[in-house]
Structures are given as structure tokens and as C-alpha cells.
Amino acid sequence: MTAVVCLGSISGIRALWEGRIQRHQEELKAEREKRGKLSVGEISNVWENRIQLSKLREKVFNEEGRLILRIEKEEWKTLPACLVKLKHLQEWQIHRTGLTVIPTFIPNFTNLLVLDLSRNAITKIPREIGRLKKLRELLLSYNRISEVPADLGGCESLEKLDLAVNRDISELPAQLSSLTHLFQLDLNMNQFESIPSVVLDLPSLEWLDMGSNKLQKLPSDIDKMQRLHTIWLQRNEISELPDSISCLRNLNTLVLTSNRLKRIPHCLQGLGNLRFVNFRDNPLELQVTLPPCQEGEEEGERELFGLEFMHLYIQESIGCSIKENTDCIQ
């Protein structure tokens, strides 16, 4: 039998096969181009990281044996991941850089003692910060933080916490009571309507600034802060002081300027260690004038609304009360 060759079928098969080969070659070419682009990108990222790391290393200083990263007035809205290469840093001083976030890789810096990120644009404290067990100072004033995470209570070595001029912080988590070494707390210029109960429970607290908030009164158990020696309460709405304040035996500085006090309570005479007090710009009921300066005494050496003024005011207040009682009896 003679074989019959179907030329149409052979041509179709050849076209199909050539099409497949062409598509395969195009796919191989596209894959090579893709890999080439990835390689270029990876190389670019590597070099960028090296450049950033080199720039960061130039900002590391060894001062008295402490490694400090210091960046001032430069634009660093975020900190690059390559910073973890410098994990032996003990202190960050990053100011006026426009920094918006504290990196979540912060726990890698296990030797960090001071984290000073004041005067930036940070809006949030990451939960990871609570893993910095050696951190002694956390300085975040002049930022945009509105909430303090409970995890901050994990910074068991913290001695100084500065959250001043964030403007929107109104409360603190109870977990901060575990900060048993905290002796200085600055909450100035925020939105607190009362002194948080957790503040009263801080066993080592010695210095507290709650000026420029919305405090209307002080807690009746303020005497729980037995180690407190300085309290700033200027520019609030406080109208009276609790008698328990006289039990703060270590108190030596009490600032109450620009409040709504109408009188100075007699109990303040019991504060034997009090050295500086200021009642300026309060609507006090009595008009009290200090006696003229003695010879050789500078006028500027005594504060018009200071300790001498306080004692004189209380004496005149007691005198007025006695006179009123006498008039009533007559």
C-alpha cells in the first residue's frame, strides 16, 4: 500500500511546535529580565543600607565609656532597620528630626540606658518598649503622644519618665505601679483632670510636675507619696488643698501659681522642710504685704509670694478668724 502524506497536517503541527518554542523562549527571556531587575534592586538596597549605616556610625560618640547615638536637626522621619547593627548603643539622643515612630525593633538594644526622643513628631509608644529591662530614662517631651501603653510597666529599671508637652495624654495605666525605681515624672502640659492613682502608688517618686493640666483638686490621700520633695502644679484649676498635704514631710518645693486658691490653708505651717513655695496669680481673699526689706537685703532675694508671704498670710488669716469669733460673741 502506498503511504499518503497529509501536508496540511504536517504544516499545522510544525506551526504549533514553533509557537510553543517561541513562547518558551519569551518566558525564559522575561524570567531572566525579572531576575536581573531583582538583582539590581537587591544590590541597590544593600548599598543604601551601607550608606545609611555609615551615616549613623558617624553620629555615634563614646562619652565616658557610654556609646551614644546623637542626631540633631536632621530629617529622619523613620530609623532604618540597619540600625540594629549598632545594638551595643547605650543612649539615643535624637532631637528635632521629625521622627514619627519609635521602631518596633527597639528591643534589640538590650543595653539601652537612655532613650531621649524629645522634640519630634512621635504619635505612639510601641508595646515592644516594655522589653527594655535596663532602660533608666525615657524622655518623650514635645511629641504627639496621646496614650501610654501598659507594657511600659515592663521597664523595671526606669528612673525618669518625661511625657511633658504632648498635650493629649489624660491617663496612665495601672501597670506603671511596677516602676519601683521611678523618682522623676514630668506630665506637664497635658490633659489630666486629676493626679492618676498609679502616681500615688509609685514608691520612689520624689519629683512630680503636673503643671498646665486641668486639675481641679488634689487627692485626699496625696500623703501616700512620702518621698516626694518637689511638686509643680502651676496653671491648673485647683481651688483648695487637702489637709493631708501637711503629711508630706519631705516636701521642700510647692508651686501653685495661676490656680484658683482663695486661701492658704493653715496646715502648710506643718511642713518643716518647705523651702520654696509660690502662690502668685491666685484670687486670694486677703491682701497681704511683706514688710520692707531690711538694710543690706536685696529685694530680689525674697519671692513676693514665697515662704515668708505664706507664713504672714496664715498669721493674718488666723488673726481675722479670731477677730470674727470675738465679734460674734459680742
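The values are calculated or read from the model by the stated rules, or taken from the named source; none is laboratory data. Quick caveat, the model's predicted, so the values are computed rather than measured. Positions of Cβ are backbone-derived with ideal geometry, glycine not excepted, and every protein chain shown enters the neighbour counts. All accessible areas refer to the heavy atoms of the entire protein, side chains included, with ligands and DNA or RNA removed. Shrake-Rupley method; radii C 1.70, N 1.55, O 1.52, S 1.80 Å.
Data for the structure
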quantity: Shape of the range 78-144, Cα gyration tensor, a/c cut at 1.5; calculated: prolate
quantity: Difference of contour (0.36 nm per residue) and Cα-Cα distance, L286 to F61; calculated: 75.3 nm
quantity: Highest to lowest packing among 153-160, 166-173, 208-215, 69-76, scored as the average C-beta count within 10 Å; calculated: 208-215, 153-160, 166-173, 69-76
quantity: The range 53-195 - accessible surface per residue (Å², probe 1.4 Å); calculated: 48
quantity: Summed residue charge, Cβ within 12 Å of L86's Cβ, Lys/Arg positive, Asp/Glu negative; calculated: +3
quantity: Dimensionless Rg/Rh of the range 105-239 - Kirkwood Rh, Rg from C-alpha atoms; calculated: 0.95
quantity: Gap separating the Cα centres of the range 106-185 and the range 46-72, nearest whole Å; calculated: 23
quantity: Entries in K133/K214; K87/K160; K85/K134; K87/K124; K73/K160; K124/K224 that, when Cα-Cα distance is taken, lie over 26 Å; calculated: K133/K214; K124/K224
quantity: Heavy-atom accessible surface of the range 43-144: percent carbon and sulfur, 1.4 Å; calculated: 46
quantity: Within the range 207-237: backbone nitrogen closer than 14 Å to the N273 label point (7 Å, Cα to C-beta); calculated: 207-208, 223-231
quantity: Full-extension gain in nm, T230 to E308, via 0.36 nm per residue minus C-alpha separation; calculated: 26.2 nm
quantity: Estimated vicinal HN-Hα couplings, Hz - the range 76-87 in sequence order (Karplus 6.51, -1.76, 1.60; Gly, Pro = x); calculated: 9, 5, 9, 9, x, 4, 5, 4, 5, 5, 9, 5
quantity: Cβ crowding within 10 Å averaged over residues, with 238-244, 252-258 ranked highest first; calculated: 252-258, 238-244
quantity: Using θ = phi - 60° and Karplus 6.51 cos²θ - 1.76 cosθ + 1.60, couplings along the range 185-195 (whole Hz; Gly, Pro as x); calculated: 9, 10, 10, 4, 6, 9, 10, 6, 9, 7, 6
quantity: Net length gained if the chain between R50 and A174 were fully extended (0.36 nm per residue, minus Cα distance); calculated: 40.4 nm
quantity: In nm, spacing of pseudo-spin labels at N252 and F105 (7 Å Cα→C-beta vector); calculated: 4.6
quantity: 3J(HN,Hα) from dihedral phi, the range 144-154, Karplus parametrisation 6.51/-1.76/1.60, rounded to Hz, x for glycine, proline; calculated: 10, 7, 10, 9, 10, x, 4, 4, 4, x, x
quantity: Cβ-Cβ FRET estimate between S157 and D201, R0 fixed at 22 Å, reported to 0.05; calculated: 0.75
quantity: Two-site FRET efficiency, R167 against K124, from Cβ-Cβ distance with R₀ of 22 Å, rounded to 0.05; calculated: 0.90
quantity: 16 Å tail of the calculated P(r), the range 50-164, as % of Cα pairs; calculated: 58
